[in-house]
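S.K.: One structure is given below, represented as structure tokens, and several questions about it will come after.
The values are calculated or read from the model by the stated rules, or taken from the named source; none is laboratory data. Since the structure is predicted, the reported quantities are computational estimates derived from the model, not experimental observations. Cβ sites come from the backbone with ideal geometry, for glycine too, and all protein chains shown count toward neighbours. SASA here: full protein model, heavy atoms, side chains in, ligands and nucleic acids out. Shrake-Rupley method; radii C 1.70, N 1.55, O 1.52, S 1.80 Å.
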Amino acid sequence: VWQVAVSPTGDRIATSGDDGTARLWDLQGNQLTAFEGHRGIVWQVAVSPTGDRIATSGDDGTTRLWDLRGQQIAQYEGRLGAFNRDWSRVLIIQPGNHLIRDAEGEVVTLWRVDPLETLITRACDRLRPFLRQSDQVTDEDRDICRVEGRE
């Protein structure tokens, strides 16, 4: 075990480990969920302030967000730096390039962490003109964004 995080309610513990997984436990030591997907050691684990998400960062150079069922929500290239208070933004530390880097050769990137509904809405807003006009789009495709057929 490399790191331990306690849920905000104090009734669950998240751990990260050598075996490429993070795990969620109850206080009796029963495993509730395994978060699998990293290649190599999972160095960091964090629990969101609302207790409904887990963040992990591993030897494979990725930071991942998970729901409590073990489903990956998002993946960022780089290691976890920090979250803001409500987890709406995440800092990811990445290897730098020759143009942008700090003294240690790393780049810090700030990313928005949006819920799925927000991502779908933003994507549909951008795709709406294409969905309305393209011959390549099916009615089923249009239904995803609630777009009427070709005009």
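S.K.: Evaluate the distance, in nm, between pseudo-label points positioned 7 Å from the Cα of residue 114 and of residue 60 along their respective Cα→Cβ axes.
M.R.: Computed distance between label sites residue 114 and residue 60 equals 2.5 nm.
S.K.: Of 112, 23, 64, 146, which has the most accessible area and how do the rest follow, probe 1.4 Å?
M.R.: 146, 112, 23, 64
S.K.: Determine the relative contact order of segment 1-73: mean sequence separation of Cα pairs under 8 Å and six or more apart, normalised by residue count, in whole percent.
M.R.: Contact order relative to length: 25 percent.
S.K.: Quick check for you: with a 1.4 Å probe and neighbouring chains kept, what is the accessible area per residue of the chain, in Å²?
M.R.: 64 Å²
S.K.: Please work out how much length the chain gains when fully extended from residue 67 to residue 19, using 0.36 nm per residue of separation minus the C-alpha to C-alpha distance, in nm with one decimal.
M.R.: 15.3 nm
S.K.: Which angle from 0 to 90°, rounded to the nearest 10, does the C-alpha axis of helix 116-133 make with the longest principal axis of the chain?
M.R.: 20 degrees
S.K.: Here is a follow-up. Give the share of C-alpha pairs in each 10 angstrom bin for the chain, from 0 to the last occupied bin, in whole percents, shortest bins first.
M.R.: 11, 32, 25, 19, 11, 2, 0
S.K.: State the percentage of accessible surface on the chain attributable to carbon and sulfur atoms; use a 1.4 Å probe and exclude ligands, DNA and RNA.
M.R.: Roughly 50 percent of what the probe reaches on the chain is carbon or sulfur.
S.K.: So, one more: Expressed in nm to one decimal, what extension gain is obtained for the pair residue 143 and residue 82 from 0.36 nm per residue of sequence separation less their Cα-Cα distance?
M.R.: Extra length from residue 143 to residue 82 when fully extended: 18.2 nm.
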